[in-house]
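Heads up, the thing below is written out as C-alpha cells.
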Amino acid sequence: MLRQRTHVTSRCGRVMDRRRSSEPRRQDRVTVDNNNMGLLSDPNRRRALLGLLTRLNAPICVVCYMAGVAWFMGLAFEPFTLRTYMSENAMGSTMVEERFPAGERALATGREFAAHKKKTGGMPVDWLVRTMQARGLEVFTQSFSRTLPFPDENKERYMVKGTNVYGILRAPRAPRTEALVLSAPCNPGDENNQAVGLLLGLAQYFRNQIFLAKDVIFLVNEHDLIGMQAWLEGYHHTNTTGMDWSPLQGRGGSIQAALSLELSSDIITSLDLVLEGLNGQLPNLDLANLFYAFCQKIGVLCTIQGKLQRNDWDSVSGYSHAVQTMMLMVMKQASGRPWGDHGLFLRYHIEAATIKGINSFRQYKTDATTIGRLLEGMYRKLNNLLERLHQSYFFYLMPSLSHFVSIGYYMPAFGLLAVILLLRALDLWVQLMTPPPRTEDGVIDIEQSSPGVLSVLTPLVISHLTGVALYMLPVRFQEMAVEHFPVSETEAVVLTAIAVYTAGLALPHNTHRLLAGEGTEQGWRVLKLVAVLYLAVLLGCTALINFSLGFILALTLVPVAAFVTPHVPKVLSAFILVILSPACTLLFSVFFFQELQEMPVSFQDGWVLYLSVISQGILDHVLYGSLVYPLIALLVYPCWLLFWNILFWK
Amino acid sequence: MEMLTLLCLFSTYLLASSINIEENAGQFFSSGHTNNWAVLVCTSRFWFNYRHVANTLSVYRSVKRLGIPDSHIVLMLADDMACNHRNPKPATVFSHKNMELNVYGDDVEVDYRGYEVTVENFLRVLTGRLPPSTPRSKRLLSDDRSNILIYLTGHGGNGFLKFQDSEEISNVELADAFEQMWQKRRYNELLFIIDTCQGASMYERFYSPNLMALASSQVGEDSLSHQPDLAIGVHLMDRYTFYLLEFLEDIHPASKTNMNDLFKVCPKSHCVSTPGHRTDLFLRDPGSVLVTDFFGSVRKVELTMETINLTGHIKQWEESAADGEPRKETYSYSDQLPVSEIIHQKPKQKDWHPPDGFILGLWTLILLVFFKTYGIKHLKHIF
C-alpha cells in the first residue's frame, strides 16, 4: 500500500509538471492505477484465488466438516476445558456457617403434607396456607386454569385447574426490593413430599435469621410448569400464552435467583443439578459453581446429567464419560424444553436451577439436614449478591460439574461447519458468473440464460407454505382427524404432523415448471445459492441463541446442502436426504439420547417415544412458548425442502 | 551557720534543677510538631468488603486510644457495615474471629460516609480546598507544626487505588496532593500507610519532603485477607492491618517504640505479601521517630516551679537534636529538597534503538532500489 501510494504521488508529480501537454499520458496513468488496486480488486490475483477455492472446494469442505466434528468431540477432553471458578465477588467463597438443624422435623412436615395431599386428592391448599402462616410468612394463593390444545398423554392432563401457594419471608432490615425464590412442585402421587417438607423447614429456620437482605419467597406450585408459568406471569404482570390466572395479591422485590427442589426420598445418595431451561437458555455459570462449591464443602455427591465426574480423564473410558455427559447436555439443550421447574425463570432473566435428590444403591447416604444445610449455605451466599449474577458465563457446555467449555471454545466447531456453506455459495457464485464459453460480449449471453425470478421464487414460496401447513394444521385439524380416524387427539396431532411432513416431500418438487417452464442449469444453481445462503443465515442465528440445536442441525443439513445437485444418483441421494432431514434427525436423537442415558429402547418403544416427543414439542410451544417447533416447521423444514427440490430439478 | 548552709544548698539545688530543665527543654520539641491529625479512609463499599471498613476502624480505634481526638480525625468510610442488612451481629464491626474485638466501639464519629467518599472529597480534605460551608469536623485543619497520619485501604492496582467502583486515585495525583499540602504548609511530617494490593506503587511517585510511607505489599503482589469468620460470613480484616492493629494494641502513650519497629510489622511469613516502606524523603532517622509521633497525640509534661526562658532555646534544641544527620533548613518551606530535579527526572534509558532518520533512510533506499530495478510499470507484479 505504501509503495503504491508513493508511486502514485510520484506519478502525479510528474503529471503535474507536464500538465499542459500530456492528456494521453494521464489516461495511461488511470489504467495503470486500476491494475494496482490491492488483493481482491486485482482481477489476476482474484482469479487465481477463486480458481484455487473452486478447484479445492470439495476437499476443503470435507476437511472443514471433519475438523468441525473433531473440534466438537475435543471439547470434552479435559485439558481443553476450563475448571469452574466463582467469578462473583459478592458470593466469594463458601465461607458461611450452615446451622440448619431441623432435617428430621422437615421430613415429618413432609409426611404430614403427604397425608393431607392424599386426603384432599390434590394440593392441600388450606393446610399449606395454615402451615406457612404458622411459620410467620405472608401467605398468598393464586389459582389458575388452562385448557391444553390437546390432551397431554405423558402427564395425563387436558383441562388443568390448580392453585399455587406461596409465602413471602420479608427481609428483616432491608428494603424489599429484591427477592430469592425457593420452589417445590406439588406432584401427584407420592412424589416430592420431602421437598415440600424441607421447604417449610427452611422457611421456619430462615424466619429466625436476621441476616437476610432479600425477601425469600417459598413457592409450592401445582401442575409443575403450568403452575410455574402462571405464577411467573402473575408476578411479572405479563401474559404471553393466554392462560387464565388470578393476579397475585402479594409480591416481593425483583427476583434475583431461584432454586427448584425435587426430593422424593428421606435420604439421598447424590444431588443432581439441572440447568437447561426454555429454548436452551442456561443460568449464569456462577449458580452451578455455587452449587458445586457447597457440595464439595459439605461433602455431598453431586452430579450433572446424572453423571458423576471422574478423575481419569486420560483414559478412554474417562473421556467417553465426559463426552456422554456433554452430549446429554447438548441433547437436552437442543430440545429447547425446560428440564425442570426452573426453566421458565430464565425467560425473565432470573438465574435458576433445579436441584434433584437421587436415591440410588450407593452406600454413602445424605440426610435431609445436610441438604438443608447446603441450601442454607447457597441462599446465604445468594443473599450476599449485590447485582444480578452476571460475572460468569451464560453460554457454556459442561463435560463435568467441575469443568466447562465457554462459548469462545465451542463456537469454532460450528464455525467450521458454517464455513462449508459459504464456500459452496462462493463456488456456485463463481459458476454463475463465469459462463463456460468466455467471449468478449458474454454479458448478453448471461442475460439470456439467466433464470427468471419466478423459477426461484416459486419453490421458495411453496416450501414455506408447506412449512406453514406443518405449523398450523396438526393442532387446527385434530377434531377432524379424530372424527375420521380411530385415534386419540394426541395421536391425531402427531400423525397429522408426520403426514404433512411426508406430503411435503411429494408436493413441491418441479412446481417451478408450472410457472417458469423448463428448469435450466442456471436455474438450479441460483436456487441452490439462495438455499445455501438461507441455510447459513438460519443456522448461524440458531447457533447464536441455542448452540446445541444449531450444531445438531448443521451436522445433518450441511452435508445435504453441500452435495445436492440434480446430477447425482437420484434414489441414493433421495434416501440420504431423507435420512438427514430434520424429522429423521429427531428420531435418531431420541434413540441416541436413550442410549446416552443408559436406557436403550427397542425400535417399537423408540417410535412411541418419538411420537410423544413430537407431541411434547408442540405442547411446549403452545404452553410455554418454546421456539423449537416453529423454528423447525417454519424455517428449517422449508429450507430442507429447497434442497429436495434441487435434487429433483428438471 | 547551719541555716546558711541549708539555704545555700537549697538555692544551688534550685539553680541546678532549673538549669537542668532549661537544658532538657529541647527534647520537648524533638519531633518538631505541636499537633497530630489523622485521615483514615476506607474506599470500598459492599458487604464483601467488610474487611476494609474493619481495617480503617481498627486504625481509628488505635489513634483515638493513643490520644488523637475526634476533632483531629477525619474518618471516611464508604459503607456502613455495622448496619448492613447482611450483618448477623448488628451495630458491630469485628476485627478478630469469634467476636473477640469489636472495633466499632461506642463512639465512632464518621466524617465522610457512603457516597461522600470520593477522590475529589479526599483531595479537597488533604489540600484544604473545601467550600466555606464545610463544617470543621470535615476539615483537615492542620498547619506547619502538624504531624499527619494518612491511612488508606481498599482495592488497588499498580499505581491506583479504587474509590467505590466508580473512580480511582492515581499515585501521581496523590503525590501532587502531598506536594500541594507541603507548599500550603499543611504539615510538618506526614506518615502515609496504605493497605491494598500492590500498595508500594502508591508511594513511589512521592516527591515532597518529610514524608514517610508504608505499604502492605510490593508492586506485583496482592495483599491478602485474614480472619475468615463463618458466622459473619466474610473476612474480617486484611493481613497487614491485622498485624498492625496487634502491634498498636501494645503501644501506650509513653512507649518508646520507634518507626523501625513499625517497619517490622507483618513480616512476609505472616503477611504473605512483602510490606514496603520508604524513608528517603524523611529527614529524621526513623529510629529516633516515635510511633506515637503519628499515632498518638502525646504532649510531654514536666512540672516545674521555675520560670524558664525559652527565647534562646531554639539553638539549644537544634544542637541536642543534631545526633543524626544535620537538620539544616528544617524550618524553611522552600527548596528543602531538590524537588524540581526529582520531578524532571529523565526517562529510563531504553535498549539501544537505531535513530529515526536511519530507518527513514533505509526505507527510502529500499524504495529507490526497487523502482530502479523494476520500474514503475512492473509494479503490478508484486501485488
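With n ≥ 4 as the cut-off for DSSP H runs, can you work out [θ] at 222 nm for chain A, using -39500 (n - 2.57) per run divided by the number of residues, rounded to the nearest 500?
-18000 deg cm²/dmol
Counting DSSP beta bridges in the range A:245-395, what percent are antiparallel, to the nearest 5?
So the antiparallel bridges amount to about 40 percent of the total.
With labels modelled as points extended 7 Å from the Cα through the Cβ direction, what inter-label distance (nm, one decimal) is found for A:ARG476 paired with A:ALA58?
4.4 nm
Percent relative contact order of the range A:455-648, based on C-alpha pairs within less than 8 angstrom and at least six residues apart?
36 percent
Among DSSP bridges having both ends in the range A:89-401, what percentage is antiparallel? Round to the nearest 5.
Here the antiparallel bridges make up roughly 50 percent for the range A:89-401.
Over all distinct alpha-carbon pairs, what is the Kirkwood Rh of the range A:455-648 in angstrom?
After inverting the mean inverse Cα-Cα distance, the result is 17.6 Å.
Which distance in nm do the two modelled labels at B:TRP363 and A:SER602 give, with both placed 7 Å along the Cα-to-Cβ direction?
The answer from the label model is 8.0 nm.
Just want to confirm a number: the relative contact order over chain A, from Cα pairs under 8 angstrom separated by 6+ residues, in percent.
Computed over chain A, the figure is 16 percent.
Test of understanding: ordering B:GLU109, B:GLU100, A:GLU222 by Cβ neighbours within 10 Å, fewest first, what list do you get?
Exposure proxy ranking, most exposed first: B:GLU100, B:GLU109, A:GLU222.
Please state, as a whole number in µm²/s, the translational diffusion coefficient that the Stokes-Einstein equation yields for the range B:32-295 at 25 °C and 0.890 mPa s, with Rh defined as the Kirkwood radius across alpha carbon pairs.
Rounded, D is 136 µm²/s.
What is the fewest-to-most order of B:SER273, A:SER392, B:SER133, B:SER216 by other Cβ atoms lying within 10 Å of their Cβ?
In increasing order of surrounding Cβ atoms, one gets B:SER133, A:SER392, B:SER273, B:SER216.
Quick one: if you take sqrt(5λ) for each eigenvalue of the C-alpha gyration tensor of chain A, what semi-axes come out, biggest first, whole angstrom?
Calculated on Cα positions only, the semi-axes equal 55, 32, 23 Å.
Go through A:LYS381/B:LYS64; A:LYS381/B:LYS162; A:LYS155/A:LYS307 and tell me which ones have a Cα-Cα distance over 29 Å in this structure.
A:LYS381/B:LYS64
Of the DSSP beta bridges with both residues in chain A, give the percent that are antiparallel, rounding to the nearest 5.
55 percent
Can you find, among B:PRO135, B:ASN121, B:GLY159, the residue farthest towards the positive end of the dipole of the range B:32-295? Put +1 on the C-beta of Lys and Arg, -1 on that of Asp and Glu.
It is B:PRO135, whose Cα lies furthest towards the positive end.
Tell me the relative contact order for the range A:89-401 as a rounded percent, counting alpha carbon contacts under 8 Å between residues six or more apart.
Normalised by residue count, the contact order of the range A:89-401 is 24 percent.
Calculate the FRET efficiency for B:GLU306 and B:ALA254 from the Cβ-Cβ distance with a Förster distance of 30 Å, rounded to the nearest 0.05.
After rounding to 0.05, the efficiency reads 0.80.
Label points 7 Å out from Cα along the Cβ direction at B:LYS268 and A:SER143: separation in nm?
7.4 nm
Can you figure out the FRET efficiency of A:SER317 with B:ARG113, using R₀ = 60 Å and their beta-carbon distance, to the nearest 0.05?
The value I calculate is 0.50.
For B:HIS52, B:HIS72, which order do you get if you count the other beta carbons within 10 Å of each Cβ and list the fewest first?
Fewest to most other Cβ atoms nearby, the residues stand as B:HIS72, B:HIS52.
In chain A, if the dipole is taken from +1 on Lys/Arg beta carbons and -1 on Asp/Glu beta carbons about the Cα centre, which of A:LEU538, A:TRP231, A:ILE576 is farthest to the positive end?
Towards the positive end, the residue furthest out is A:LEU538.
Taken together, the values in this text are just the output of simple stated rules run on the coordinates, not laboratory data. Everything numeric here is computed off the predicted structure, so don't read it as measured data. So basically every Cβ, Gly included, is an ideal-geometry build from the backbone, and we count neighbours across all protein chains shown.
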